[in-house]
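Visitor: Just passing along the structure, written as C-alpha cells.
The values are calculated or read from the model by the stated rules, or taken from the named source; none is laboratory data. Because the structure is predicted, anything quoted here is derived from the model rather than measured. Positions of Cβ are generated from backbone atoms using ideal geometry, with glycine treated the same way; all protein chains shown enter the neighbour counts.
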Amino acid sequence: MRLLSRAVAALAAAGALSATAVAPAGAASPVVALGGSPLTVWVGDQGQLQAKRDTDTSNIFFSPSNQVGDAGFFLAFPDVPAAAPAPAQNAALKGRVFGFDGTAGPFIEDEYEPAGQAATTGSGTPTDPFSQITTYAVQSGTPAKQYALITQTTTYVTGAQVFDVRWDVKNTTSPAVPLRFKAISAADFYFEGSDVGTGIYTQGPPRFIGGTNADTGRSGGFVEIGPPSPSLPWSHYQALAFKLSFGTDGNDIWSRVEGAGDAATPSFDDTVVGEPVDNAGAVEWDQYLDPAKTLAGGATASFELLVRTALPAALQFDQTNAGAPQGVPITFTVTAKDTAENPFTGKRLVSAITGANPGSQSAVIGADGKATITDPGVNAGADTIVSFVDLNGNGTREPNEPQGSALATFVDKTPPSCKVAVSGDRPVGSGGQGKPLTITVNCDSVATVTTASTLTIQPAASKATKKTSKAKKSAAAATTKKKPKKKAKAKKPKKVVVKLAPRTASVAPGQALPIAVTVPSSLNKKYPGATATAKVTVTATDTAGNAATTTVTKKVTLAKPKAKAKHKKKRK
C-alpha cells in the first residue's frame, strides 16, 4: 500500500486537468462532464466523482483543481469466519477492497478495471436530465477473471443543488457463485477553497451526512434516497478526518476504506466529528454480508444517493415590516439555512437595532435553523434590525456570512401632557393700563398647539338708559299719588360672546410658549370698560397624531380708551 503526503499529492494534482470535459494527455484517468448550472459534474473512468459550482474557483472534492475527484464507490470483500453460516467468501476476493487510487487517498491496490464511458445524454430538464453511464469491473487473477460489473449512472437537472449517482452491481461470476460484500461511498470534501470543516448529520428523512466549511457555511455530502429507489438504506455512516496519520491509527476516512476488507464488521461507526478537521465522510451498505442476502450469480444490487453541495442562503425573517404600539415588543423569527435547507444549528445569530431603540442581541440558532430577536419598542419611532450568521464566531460579519434585515415601527399612543397658564388682566389691543393677556403652554413632547379663544363680555349699562328709567318712575308716582313701589332693578345688557382668531404654534418638549390673545379694536370701542371672561381651549397634537385638550378661563377688563388731551388756546 502506497503512502503519500497530502502536500506532495496536492502538488501533483495542481496541474492534473484543465477545465475541459476531456482529460489532457498524461492524465491519470479519462473524464466525462455533465452539463448544466449551477453545477458542473465530472465522472472518471473508475467512477470517481467531482463537481464545481459556477461561482466557485475550486471543486467540491479533493483535489480542488482536478476533475478526477477523491470521491466514489468501493466494494469490500471481507473474510467470513469459518464458523459463520455459508457461503464462505470467494477465495479470489477474500480480504480485498476494490476501488480507485486517489490523489491523496485512498491508496487502493486492487483498482477497478475500466469497462467504458458513454457520452452524456439529456437536456437537463426534470423529465430529461443530463445522464452519463460509466462501467468498471472487479477483476482478479491472470488471466483476469471478472467477478462483478458496476454500472454507474450519474444524472443532473439544471438548477439543482444535488446530482444523483446510482451504482448497479451485477454478479458476473462464472461459474456463478454468490458474492458477500460491503458497498461504500466515500469522499474527501473540499468546500469553497478549504478542506477544513466540521461534520454534519441530519436524521431526516432523508438522512444526510457530510461536512461544512466553518468559515463560510458552505456544505456538502451525501443524501439518502428512499423508495421508490431500489437502493437499500444505509447500514452505517460517519463524518471524520480524511487522513490523520496515513494509516497509523485507522481513525480516518481512507484508512477505514482501505481496511474495509479486514473484517465482516461495520467500517463506520455512525459518529460525526465535531471539531474542525480536514473533513471527509462515508456511508456503507452491509446488507450483502448477510448470508441470507448474498448477491446470487447473475443478480444485480442497486445502491443510490444524492451528492449535495450548498451555500448559505439569505436569512429569512418571518415579518419584514412590523408595527406595534409604543412599549409593546416585536419579536422577529429568523431562519438561517443553506440552499439545501441544512440549518446552521449551533451558530450564533448576531443582530443590531438602529433607530429609536438602538441596541444589539445574540442568539443561538436551533436545530430547526431558527433564532429570534426582540425589539423592545420602549421608544416610539422606526427601527431597522440587521442580523447575520456568525459562522466563524468572531462577532464581526464577513462578506460570505448570510445577512438580512427587517423594519419595526412603534406608534406613540400616549397623548402629550401640557400645562396651560394664563396671565395678565387685559387682552392685547384693549388699551389702558395693566398687563396683556398671555397664554403659556408647556408640553412633555413635541406638539403642535392650537388655541381657540372666546371673550364673553358683560356690557355696562349706558347713562341714557339710566335717565330714561328714572323719569318713567317719577311720572308714574305723580300720576297715581300712591306710595311708590319698590324700585325695579335695571336690566343688564345681554352678554356678548366673541370668538377670537385661533393661534397655532409648535412647541418642543419642556418649552414654555407664550401666546398673546388679540382682541379686535372694534370691541374695545364698543364695550369700553366692560368685564369679560376669556375662555381659552388649548389643543396639543403630537407627531403620532395623539391629541390632548385643556381649557382655562380668566377674568379680564376691556380698558377704556385713553382720553384725548385738551389743548389750551394761545393768547393773541
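Visitor: Tell me which residues, restricted to the range 108-139, are in a loop (DSSP other than H, G, I, E, B) and of a type in the set (A, V, I, L, M).
Guide: ILE108, ALA118, ALA119
Visitor: Would you please list the contacts, defined by Cβ atoms under 8 Å and residues six or more apart or on different chains, that run from a residue in the range 47-72 that is without any contact (Cβ under 8 Å) to a residue 40 or more places away in the chain to a residue that is of a type in the set (Phe, Trp, Tyr) and buried (at least 23 other Cβ atoms within 10 Å of the Cβ)?
Guide: Matching pairs, first to second residue: GLN50/TRP42; GLN50/PHE61.
Visitor: Separate question: Which numbered condition trips up ASP188, out of (1) under 30 Å from THR300 (Cα atoms); (2) at pLDDT below 90?
Guide: (2)
Visitor: What strands (runs of 3 or more DSSP E) completely inside the range 277-388 contain at least 2 residues that are free of Cβ contacts under 8 Å to residues at least 24 places away in the same chain?
Guide: The qualifying strands (runs of 3 or more DSSP E) are 359-364.
Visitor: Could you figure out which of (1) within 34 Å of the chain's Cα centre (by Cα); (2) aliphatic (A, V, I, L, M); (3) buried (at least 24 other Cβ atoms within 10 Å of the Cβ) isn't true of ALA214?
Guide: Of (1) within 34 Å of the chain's Cα centre (by Cα); (2) aliphatic (A, V, I, L, M); (3) buried (at least 24 other Cβ atoms within 10 Å of the Cβ), only one is false for ALA214: (3).
Visitor: Then there is this: Right, GLY102: surrounded by fewer than 16 Cβ atoms within 10 Å (Cβ to Cβ), closer than 30 Å to THR339 by Cα and at pLDDT below 95 or not?
Guide: When the stated conditions are applied, GLY102 does not pass them.
Visitor: Another question, then. Suppose the filter is buried (at least 17 other Cβ atoms within 10 Å of the Cβ) and assigned to a loop (DSSP other than H, G, I, E, B); does TRP254 pass it?
Guide: Taking the combined requirement at face value, the residue does not satisfy it.
Visitor: Identify, by number, the condition in (1) at pLDDT below 90; (2) farther than 25 Å from VAL68 by Cβ; (3) in a loop (DSSP other than H, G, I, E, B) that THR216 doesn't meet.
Guide: Of everything listed in (1) at pLDDT below 90; (2) farther than 25 Å from VAL68 by Cβ; (3) in a loop (DSSP other than H, G, I, E, B), THR216 misses just condition (2).
Visitor: Let me ask something else about it. Report, ordered by the first and then the second residue, all pairs with beta carbons closer than 8 Å, sequence separation of six or more or different chains, a first member in the range 393-414 that is loosely packed, with under 15 Cβ neighbours inside 10 Å, and a second member that is in a strand (DSSP E or B) and basic (Lys, Arg).
Guide: GLY393/ARG348
Visitor: Under the condition of being more than 17 Å from ALA452 (Cβ to Cβ) and modelled with pLDDT of 70 or more, which residue from the range 477-505 is surrounded by the fewest Cβ atoms within 10 Å (Cβ to Cβ)?
Guide: LYS494
Visitor: Looking at the range 546-572, which of its residues are modelled with pLDDT under 65 and out of contact with any helix residue (DSSP H, G or I) (no Cβ under 9 Å at 6 or more places or on another chain)?
Guide: LYS562, ALA563, LYS564, ALA565, LYS566, HIS567, LYS568, LYS569, LYS570, ARG571, LYS572
Visitor: Moving to a separate point now. Just the residues that are of a type in the set (Asp, Glu) and surrounded by fewer than 18 Cβ atoms within 10 Å (Cβ to Cβ), please, taken from the range 295-351.
Guide: ASP318, GLU341, listed by residue number.
Visitor: Name the single residue that is farthest from THR440 (Cα to Cα) among those in the range 515-545 being modelled with pLDDT under 75 and assigned to a strand (DSSP E or B).
Guide: Checked the range 515-545; the qualifying residue farthest from THR440 (Cα to Cα) is ASP542.
Visitor: Ok, one more. Might you check whether a residue that is among the polar types (S, T, N, Q), farther than 28 Å from PRO276 by Cα and assigned to a strand (DSSP E or B) occurs anywhere in the range 184-195?
Guide: no
Visitor: Could you tell me whether any residue of the range 140-158 is touching a Gly at 6+ places or on another chain (Cβ under 8 Å), more than 27 Å from ALA299 (Cα to Cα) and outside any strand (DSSP E or B)?
Guide: yes
Visitor: Given the criteria modelled with pLDDT of 90 or more, over 20 Å from SER63 (Cα atoms) and in the same structural domain as LYS52 (by TED's automatic domain parsing), does GLN161 qualify?
Guide: no
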